[in-house]
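Participant: My structure is below; once you've seen it, I'll send some questions.
The values are calculated or read from the model by the stated rules, or taken from the named source; none is laboratory data. Note that the structure is predicted; figures quoted are calculated from it, not measured. Every residue, glycine as well, gets a Cβ built from its backbone with ideal geometry; the counts of neighbours run over all protein chains shown.
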Amino acid sequence: MFLQKLKLNNFRNYKEFNLDFSEKKTLFIGKNAHGKTNILEAIYYLSILKSQRAQKDSELILWDQDFCRIQADVLKNDIDIELEVLINPPGKKTIKLNGIKKTKSKDFLGNLVAVNFCTDDLMLLRGAPVDRRSWIDTCITIIYPSYQERLQKYNKIRSHRNNLLKTIKIQNNLEDSLSVWDEQLVVAGSNIIYLRLKYLNEIKEVVKAKYNIIAPEEELSLKYNSTVLGEVVDFSKFSVEEIAENFKQKMKENRQEELIRAKTLVGPHRDDIEFFINQKNALNFASQGQQRTIVLSLKLAEIDIIKQKINDTPILLLDDVLAELDKTRQNFLLKSIEEDIQTIITSTDTGGFEAEFLNDVKIYHVEKGEIFEVS
């Protein structure tokens, strides 16, 4: 997979942006807050159809403008593909594939596949459970585009159920009507949990192997903490049907508490993922370097899994991440990038890169939303 061209209109601080990508490695350098990250954000938006930095799509629009547009030409399995996203509030965004409007995100997703690694990712272990849920959900969406719609459906069901719980708190005679939403929540939620466990089962050995390259004396392990299943370390143990049965039982056990608190207390929206080094919780016992090695290993494993699943190489986006890594981890990351992977990097300067790495890198300087090629 290769990004051939990116064009932006009114996106973030870019009134107009038009760039052809000619090399496997591209480096954007410049001071912070001048627009380097915005370029990578636009590329990644085409991969997952949402921004990881903005709460609303409207925040992506250049100040004092009514719309923004992201366009890209991608070479996928030797086929040229044109992608376009138009964000024009208050209506829904318009997505087009080869000039044809698509109404479902699953028909658009998967045509540009990217792995994004930014400085915020390095705080994954220390972040809140919602950050780790977002991480795994994004990973799954990249491999299974229909997963995003499943998540959206689950959240809608949960929202309706929460509203009903709030109403029941005032009008007790409506409790029987919960069963309709309970059934829908169980079906949607069980599928999400199953796919999360499936992904963890596929990635766990790859992550361990990556981690052991830097820390051969340490054993990395993962655990899924579920409000439905409890602590799960054997990710292949449960079928969808078994998860659903556990889900129903847990909802019965928590019914009175949910009625009191007027919110859904059981489901994948409350689950978490934990990481352990030599059986000790990495959040509490691991050093900052160990925690960053875990995240680094997760990202590199994600690339390997994607290659297996889509039979193609994803595009790797590295957003200022090298500045936050020590020399050992910098070298590990850069040397782990295979030659066939298109890599687009941002950095304040070229100081953190070895001369050999920069030999075949196209370098651009970014300043106040303008880009200049560095000869």
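Participant: Do we have any residue at all in the stretch 275-292 that's of a type in the set (Lys, Arg) and touching a strand residue (DSSP E or B) at 6+ places or on another chain (Cβ under 9 Å)? Even if it seems obvious, please write down each step before you answer.
Facilitator: Of the stretch 275-292, the ones of a type in the set (Lys, Arg) are 280, 292.
Still in the list and also touching a strand residue (DSSP E or B) at 6+ places or on another chain (Cβ under 9 Å): none.
So far as the stretch 275-292 goes, no, none of its residues is of a type in the set (Lys, Arg) and touching a strand residue (DSSP E or B) at 6+ places or on another chain (Cβ under 9 Å).
Participant: Under 21 Å from the mean Cα position of the chain (by Cα) and assigned to a helix (DSSP H, G or I): is that true of LYS335 in this structure? Steps first, answer last, please.
Facilitator: Values: under 21 Å from the mean Cα position of the chain (by Cα): no; assigned to a helix (DSSP H, G or I): yes.
No: the conditions fail for LYS335.
Participant: To continue, here is another question. Return the pairs, sorted by first residue and then second, in which the second residue is of a type in the set (Phe, Trp, Tyr), the first residue lies in the stretch 226-243 and is closer than 16 Å to LEU185 by Cβ, the beta carbons are less than 6 Å apart, and the residues are 6+ apart or on different chains.
Facilitator: That search, which allows pairs on different chains as well, returns VAL228/PHE247; VAL240/TYR194; ILE243/TYR194.
Participant: Something else: If I ask for residues that are assigned to a loop (DSSP other than H, G, I, E, B) and either over 15 Å from ASN38 (Cβ atoms) or outside the structural domain of LYS15 (by TED's automatic domain parsing) (or both), which ones from the stretch 51-67 would you list?
Facilitator: The initial filter retains those residues of the stretch 51-67 that are assigned to a loop (DSSP other than H, G, I, E, B), namely 51-56, 62-67.
The answer is GLN55, LYS56, ASP64, ASP66, PHE67.
Participant: Restricting attention to the stretch 116-128, does a residue exist that is out of contact with any Lys or Arg (no Cβ under 8 Å at 6 or more places or on another chain), within 24 Å of GLU16 (Cα to Cα) and crowded, with 19+ Cβ neighbours inside 10 Å?
Facilitator: Scanning the stretch 116-128, I find at least one residue that is out of contact with any Lys or Arg (no Cβ under 8 Å at 6 or more places or on another chain), within 24 Å of GLU16 (Cα to Cα) and crowded, with 19+ Cβ neighbours inside 10 Å, so the answer is yes.
Participant: Now for a different question. Can you confirm whether the stretch 313-323 contains a residue that is part of a loop (DSSP other than H, G, I, E, B), out of contact with any Asp or Glu (no Cβ under 7 Å at 6 or more places or on another chain) and not small (Gly, Ala, Ser)?
Facilitator: Looking only at the stretch 313-323, we keep the residues that are part of a loop (DSSP other than H, G, I, E, B), and these are 313-314, 320.
Narrowing further to those that are out of contact with any Asp or Glu (no Cβ under 7 Å at 6 or more places or on another chain): 314, 320.
Next, from what is left, pick out any that are not small (Gly, Ala, Ser): 314, 320.
Yes, because at least one residue in the stretch 313-323 is part of a loop (DSSP other than H, G, I, E, B), out of contact with any Asp or Glu (no Cβ under 7 Å at 6 or more places or on another chain) and not small (Gly, Ala, Ser).
Participant: Which ranges mark the strands (runs of 3 or more DSSP E) fully within the stretch 68-183 that have 2 or more residues being without any contact (Cβ under 8 Å) to a residue 40 or more places away in the chain?
Facilitator: 79-87, 94-97, 100-102
Matching residues to (1) surrounded by fewer than 21 Cβ atoms within 10 Å (Cβ to Cβ); (2) at pLDDT 95 or above; (3) in contact with a helix residue (DSSP H, G or I) (Cβ under 8 Å, 6 or more places away or on another chain); (4) not assigned by TED's automatic domain parsing to the domain that holds ARG150:
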position	(1), (2), (3), (4)
GLU245	yes, yes, no, no
LYS250	yes, yes, no, no
ALA262	yes, no, yes, no
GLU274	yes, yes, yes, no
